[in-house]
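Read-outs throughout are calculated quantities, based only on the coordinates presented, and are distinct from any laboratory measurement. Only a predicted model underlies this, so the values are computations on that prediction, with no experimental measurement involved. Cβ sites come from the backbone with ideal geometry, for glycine too, and all protein chains shown count toward neighbours.
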Ligand code: PLP
């Protein structure tokens, strides 16, 4: 028996069930992945016991000889993984997560009530890029700063750079944020840099979703033109849950100290040293030819899945994908994302409902987001994703029939109508 099994059987048993769930079903959440056992081992190591506020060589606690070695190695590997010259770029590896990395970056770059522009959440942006509704400021990035989100073009689903440029000339932002959580095309960093320069604004790229692709040259390189780049470490990068903040070093605005001080002491306390060690392990893996091959396969799989669904007559946002995910617009089928997510859950396919630009009801969005990183880690290739596309097609067809049987658009009627639908158990068994 393991120590956990001995000490706390309840938690042990739940972990075993979750482990089984993760590996027995089809994991298609675009922001999730399976870390390696080596990453897990570092993450669960005794480094979790240590306090180390400060930076390597300048800590507020004693006993940090080995912690300093870990953090220095992690910083070095982060720069190597993204092919950065240490004289031009530095990195802070202490953020607990992507959201705290972004809040620290905002704290470093602008002052309270300064203006920022990020991609609107219904257009595929993240909460921390200034999300607010017409009624409410929701994220600290809109509560503490003045936000004017930009959108994708309603016809094409691609960022409307012309409108962004026009709005920026009225709003005059101090910061433009690019990057998103549900954006399937690549970014025009040159255009964004030009718009930022018109207003002396900083340009921040949040590459949380695509960082594994960026490191493998499978996506445009934001480091050429941005001032600061943030990322999570647990999506396409396939590491533990955390965040990184890269900053340009050779400038007269001292971004290095501003970013480091924003992380600690402004936004956080003691670093999670076990996580930093696990990030270091992940970044060593990212720098290998095997990882580059993995990132290539992630994209090839997403393309294969997109093409297969389009061939079946379905509508995808931007009619395809340039990265690791697709956004499936279910509105032409008169189905909501929640209902398709529900059927998929019942048959052990994990996806998430997602808003599609133009949605009016944010609680019941009109599409689903599907990503290939996790199943690609399980060695899935294009032909496996053809099978996945068939399962997804069947799930959607089941959702349509159940909706008809329910006789109403209400979710509770839909769930009731799922009872005794034989195709659900048949599909579950096949998955
Ligand atoms: N930035 C982007 C683009 C994201 O998609 C996410 C999470 O999904 C985050 C930041 C926040 O990361 P976390 O959930 O680790 O706080």
If you take every DSSP beta bridge whose two residues both sit in segment 125-241, what share of them, in percent to the nearest 5, is antiparallel?
20 percent
Sorting 29, 356, 326, 170 on the 10 Å Cβ count, fewest up front, what's the list?
170, 29, 356, 326
Need one number: the % of Cα-Cα pairs in segment 324-431 sitting beyond the 16 Å mark.
58 percent
For helix 98-109, report the angle its Cα long axis makes with the longest principal axis of the Cα atoms of the chain; keep it between 0 and 90° and round to the nearest 10°.
40 degrees
When the chain is modelled as a GNM with alpha-carbon springs shorter than 10 Å, which of 232, 107, 48 fluctuates the most?
48
Rounded to whole Å, sorted largest first: equivalent-ellipsoid semi-axes of segment 351-390, Cα gyration tensor:
28, 10, 7
Going by C-beta contacts inside 10 Å, put 40, 346 in order with the fewest on the left.
40, 346
How high is the FRET efficiency from residue 191 to residue 11, r the C-beta distance, R0 56 Å, rounded to 0.05?
0.65
Would you please give the FRET efficiency between residue 253 and residue 382, computed as 1/(1 + (r/R0)^6) with r the Cβ-Cβ distance and R0 = 45 Å, to the nearest 0.05?
0.45
Taking the DSSP beta bridges in the chain as the whole, what percent of them are antiparallel, to the nearest 5?
65 percent
Which residue fluctuates the most in the chain, going by a Gaussian network model with Cα springs under 10 Å, if the choices are 174, 250, 353?
250
Treat each spin label as a single point 7 Å out from the Cα along the C-beta direction, and report the residue 60 to residue 1 distance in nm.
4.1 nm
Output row, site residue 393, 7 Å Cα→C-beta label point, backbone N cut-off 15 Å, window segment 293-331, residues 304-316
Sort the following peptides by mean Cβ neighbour count (other Cβ atoms within 10 Å, averaged over residues), highest first: 316-323, 199-206.
199-206, 316-323
Just the Cα atoms of segment 46-114, one point each, no solvent: what log10 I(q)/I(0) does Debye give at q = 0.12, 0.18, 0.22 Å⁻¹?
-0.41, -0.86, -1.10
For each of 7, 53, 27, 65, count neighbouring Cβ atoms within 10 Å of the residue's Cβ, then give the residues from fewest to most.
65, 7, 53, 27
Can you bin every Cα-Cα distance in the chain into 20 Å intervals starting at zero and give me the percent of pairs per bin, rounded to whole numbers?
25, 55, 19, 0
What Kirkwood hydrodynamic radius, in Å, does segment 143-292 give when the mean of 1/r is taken over all pairs of distinct Cα atoms and then inverted?
16.9 Å
Across all Cα atoms of segment 9-154, Rg and the largest Cα-Cα distance (Dmax), in Å, are 19.8, 56
Measure nothing fancy, just the Cα-based angle from helix 382-406's long axis to the longest principal axis of the chain, in degrees from 0 to 90, nearest 10.
60 degrees
Taking a spot 7 Å from the Cα of residue 290 along the direction of its beta carbon, which residues of segment 202-216 have an amide N less than 20 Å from it?
212-216
Using only helices, what value at 222 nm comes out for the chain when you add -39,500 (n - 2.57) per DSSP H run of length 4 or more and divide by the total residues, to the nearest 500 deg cm²/dmol?
-13000 deg cm²/dmol
For segment 1-49 and segment 128-191, distance of Cα centres in Å
36 Å
The correct pair for segment 262-368, radius of gyration to one decimal and Dmax as a whole number, both in Å and from Cα atoms, is 18.9, 53
List the extent of the Cα atoms of segment 78-220 along each of their three principal axes, largest first, rounded to whole Å.
42, 34, 27
With Cα springs under 10 Å, the Gaussian network model of the chain assigns the largest mean-square fluctuation among 171, 247, 385 to 171
